[in-house]
Amino acid sequence: MGQQDIQNIAGQSTLDDAMNSDDFPVSKQVKTPSILVVTRNGHMSEVVMNYAINVADHLKYKILAVHIDTLPFFSDGGRRSRLFAASMQESTLLFQEKAGSRGVLVEHLGMPGKTGKVVQQLCHSEKRIEFVVIDKGIRREEVASQSPVPVFSVIYTHARANQINKAISYKTIEKGEPRMSTTSRKRHLKNCLVFGALTAGLYAAVFTNQDWVMTYFTKGGVYSLLPVAVVFGVSYAHGNFTSAFWSALGIEGSKTTVTKSTEIRPTVPAAVDTIRKDTRPRAQFNV
């Protein structure tokens with residue numbers, strides 16, 4: 001072995017030691033693959049946190065959590081920006097605590113701009129982002145149209161009553177029994193009172209003015225439209241009153257149409273019916 005070969009081996013050994021050392025520049029080290037977790041709120045959903053941590057722990061990835069301020073220049077004296085920063089700090093501490101217990105590395109960023117543009121920028125600047133997980137409230141189409149990597153949104157079911165969205169008229173409790181939300185019940189009661197009073201008022205007006213009704217309703221011509229108008233008015237008010245009354249009691253008509261199928265299905269064993277449904281978070285894929 002010549003002197004030149006010895007120098008080459010020594011030089012290669014020195015380079016390997018430098019790459020393994022902490023002093024070697026990060027840009028020349030092999031970066032760990034990352035999961036980009038995106039939210040446009042100060043507080044990130046814990047379900048999204050848990051899902052990202054589980055996947056990162058399984059794949060040995062790190063997490064890049066980004067809080068996007070979509071209204072950075074909102075004219076309120078900076079109050080919104082301060083609240084956003086405070087919420088982001090609380091969410092960061094919670095995320096770090098959850099990830100630290102699993103040994104997952106999490107980096108946090110706060111960036112202004114549109115969600116799709118920010119994701120596109122980060123995917124090009126951070127070369128090892130494998131896929132994107134978006135928080136609730138973000139449309140998949142908005143991100144997937146500009147993301148060079150797959151985009152996932154977490155779909156999960158609510159098991160507790162205080163997690164049910166109030167915009168939903170009905171929610172499913174633990175035993176599968178439908179129960180009306182407080183917001184829906186109040187709305188149905190209000191409609192019941194309004195249309196009930198309107199129906200009673202129309203009936204009272206007709207019966208207390210029988211002479212006027214008989215005079216004008218029997219004239220013919222243009223006056224023949226009066227009975228039709230009154231009938232339609234009473235029908236509309238009474239129909240809405242009846243619908244709101246039964247809805248307030250929690251009775252609703254079936255809105256699903258059952259179609260008969262000629263396909264012969266095997267009989268499901270009785271034991272299968274007792275298996276509990278899987279309510280763990282699921283990710284929906286969208287490129």
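The values are calculated or read from the model by the stated rules, or taken from the named source; none is laboratory data. On a predicted model such as this, the values are computed, not experimentally measured, just so you know. With ideal geometry, Cβ positions are generated from the backbone for all residues, glycine too; neighbour counts draw on all protein chains shown.
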Out of all the residues in the stretch 217-246, which are among the polar types (S, T, N, Q) and outside any helix (DSSP H, G or I)? 218
Taking the stretch 108-127 only, how many residues are without any contact (Cβ under 8 Å) to a residue 40 or more places away in the chain and either within 22 Å of the chain's Cα centre (by Cα) or not in a helix (DSSP H, G or I) (or both)? 3
Within the stretch 23-31, does at least one residue satisfy the condition of being at pLDDT 70 or above and touching a strand residue (DSSP E or B) at 6+ places or on another chain (Cβ under 8 Å)? no
Residue ID - surrounded by the most Cβ atoms within 10 Å (Cβ to Cβ), chosen from residues in the stretch 62-98 that are assigned to a helix (DSSP H, G or I) and of a type in the set (S, T, N, Q): 91
Could you check residue 141 against (1) assigned to a loop (DSSP other than H, G, I, E, B); (2) surrounded by fewer than 16 Cβ atoms within 10 Å (Cβ to Cβ) and say which number it fails? (1)
When you check residue 127 against the structure, is it at pLDDT below 90, surrounded by 14 or more Cβ atoms within 10 Å (Cβ to Cβ) and closer than 27 Å to residue 40 by Cα, yes or no? no
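Yes/no matrix, rows are residues, columns are (1) in contact with a Ser or Thr (Cβ under 9 Å, 6 or more places away or on another chain); (2) exposed (fewer than 10 other Cβ atoms within 10 Å of the Cβ); (3) at pLDDT below 85; (4) of a type outside the set (A, V, I, L, M, F, W, C):
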| residue | (1), (2), (3), (4) |
| --- | --- |
| 163 | no, no, yes, yes |
| 174 | no, yes, yes, yes |
| 186 | no, no, yes, yes |
| 235 | no, no, no, yes |
| 255 | no, yes, yes, yes |
Can you go through 59, 105 and tell me which one is exposed (fewer than 14 other Cβ atoms within 10 Å of the Cβ) and either under 19 Å from residue 127 (Cα atoms) or touching a residue at least 12 places away in the same chain (Cβ under 8 Å) (or both)? 59
Could you grab me the full set of residues in the stretch 195-216 that are hydrophobic (A, V, I, L, M, F, W, C) and either without any contact (Cβ under 8 Å) to a residue 12 or more places away in the chain or not in a helix (DSSP H, G or I) (or both)? 197, 200, 204, 205, 207, 212, 213, 214
